[in-house]
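Taking it in order: structure first as structure tokens, then the write-up.
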Amino acid sequence: MFSNRTGLIFNMALMMLLSFALMSCTPENPQSTFDAQGPISEIQKNLFLFTFWIAVIVFIVVEGAIIFVTFKYRRKNDDLPAQIHGNLKLEITWTIIPAIIIVIISVPTVFGIWETQVMPDEEDAIIIDAVGHQWWFEFKYPLEEIVTANELHLPEDKNVIVNIESQDVLHSFWIPKIAGKVDMVPNHENKLWFRADNPGIYYGQCAEFCGIVHAMMRFRVIVHTEEDYQRWIEEMRTPPKSVSSGSDEDEGRKLFVGNCSMCHTNDSYKKAAYHKEINSQYNRWEEWKKDKENSAIVSAPNLTHFGNRLTLGAGIKENNYENLVKWIENPDSIKIGTRMKNHASIYNADIKLTDQEIQQIAKYLLSLKPENETTATYNKE
Ligand code: CUA
């Protein structure tokens, strides 16, 4: 009976270990830190592996000694064995060995801290202001005067300096394959630098518990070639293709202006729109803070060229018509607890939108992209 149970516990522990290993260590996983795609994550990975293998050696030596001693010196008769309490040699040995191990680990650690914490030259870097919100990411490009949300566009092989902040509670900025984690703290700016080696789409994730949908606070990093990155910047300064009057998109535009535009800006392609958006976002936040229960306004993601976004709900669902209709209809069905659901007046019982109106808004939002799509546009639908 007892051995059966021990066997069961052993098997369960083994299965748990195996599944943890499979979940966390597969480089194909979009959030695997074992597939480093930049120098910062490379340093972090190497430091982890170095420490891990030292820990494995310590584990084998210590457990081996315990097993050896258990069998070699197990009780054979009733004689009291030789007592070694206070053995000076042993005490010194097992104090010195860990101290040496710590020194060995500290050398690459200190070098790693130095390499990751000393900021590169600002002159030759992309500067990003990343702001955490419950539960989405705002990205600002102060030099290019571009503002966007939940999708960070960057060129390959270029140093990026991120000024990290939060507007509400603690969040954390983390791109598992490229860099992080660094806490996003209200009223305090943290800095992080990194470089992405290869073009592609990478997952970002908030890594600090920040409320009910912390796990669904994600973003995407879209790393372009240098030319595509320049095209993306151009796109962000180009107006979207115009909608023909009387079309569903046009009706959707009117509904958007009437119901959504107090919180969501969607025209930041305009000249001088950048500073206007920063002020608006600040004012929305102040408005919400004054009356957290009843405010109809709250800071919200910028939706400029939303039709080009890959995801909606901060990296949660693919951005397509079906998902977008579901999202506008009832954000809780995708991501429970959003401030949109709690504060926007269209979710009051008396001001509800009809199905047709919701579909028109979705069509309008998906039409928000520049007339001529370029290679910088990943969403080719
Ligand atoms: Cu934001 Cu967790």
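A few remarks follow.
- Global size of segment 187-327 as Cα Rg and Dmax, reported in angstrom: 17.2, 48
- Restricting the calculation to Cα atoms, segment 96-225 yields a radius of gyration followed by a Dmax of 16.2, 56 Å.
- Protection proxy ranking of 129-137, 90-98, 260-268 - average other beta-carbon atoms within 10 Å, highest first: 129-137, 260-268, 90-98
- The H on the amide N of A196, modeled in the peptide plane, is under 5 Å from the matching H of D157, K158, each at least 5 residues off or on a different chain.
- Segment 248-379 shape via C-alpha gyration tensor axes, a/c threshold 1.5: oblate
- Mean residue ellipticity at 222 nm, helices only, the chain: -13500 deg cm²/dmol; runs of at least 4 DSSP H residues each add -39,500 (n - 2.57), and the sum is divided by the number of residues.
- Around the amide H of R220, modelled in the peptide plane, lie the amide H atoms of E151, L152, G204, all under 5 Å away and 5 or more residues distant in sequence or on another chain.
- The dipole here belongs to segment 126-220: it is taken about the Cα centre, uses +1 on the Cβ of Lys and Arg and -1 on the Cβ of Asp and Glu, and is about 300 debye.
- Segment 54-123 versus segment 353-371: alpha-carbon centroid distance in Å: 63
- Rounded if a/c under 1.5, otherwise prolate or oblate - segment 77-118, Cα gyration tensor axes: prolate
- Packing-based ranking of 169-180, 218-229 yields 169-180, 218-229, ordered from highest to lowest mean Cβ neighbour count within 10 Å.
- Compactness relative to 2.2 N^0.38 Å, alpha carbon Rg of the chain: 1.29
- Residues whose placed amide H lies under 5 Å from that of T304, excluding near-sequence neighbours: S268
- All distinct Cα pairs of segment 1-124 go into the 1/r average, and the inverse of that average, the Kirkwood radius, is 19.5 Å.
- Relative contact order of the chain, pairs being alpha-carbon contacts under 8 Å that are 6 or more residues apart, as %: 15
- Note on segment 233-296: Rg/Rh from Cα positions, Kirkwood definition for Rh, rounded to two decimals, is 1.06.
- The residues neighbouring F306, those whose beta-carbon lies less than 11 Å from its own, together hold a net charge of +1 under the Lys/Arg +1, Asp/Glu -1 convention.
- In terms of its alpha-carbon gyration tensor, segment 159-247 comes out oblate; a/c meets the 1.5 threshold, while b/c is at least as large as a/b.
Only the coordinates and a few stated rules stand behind these numbers; no lab work does. Small disclaimer: the values here were computed from a predicted structure and weren't measured. When we count neighbours, we look across all protein chains shown, and the Cβ atoms used for this are built from the backbone with ideal geometry, even at glycine.
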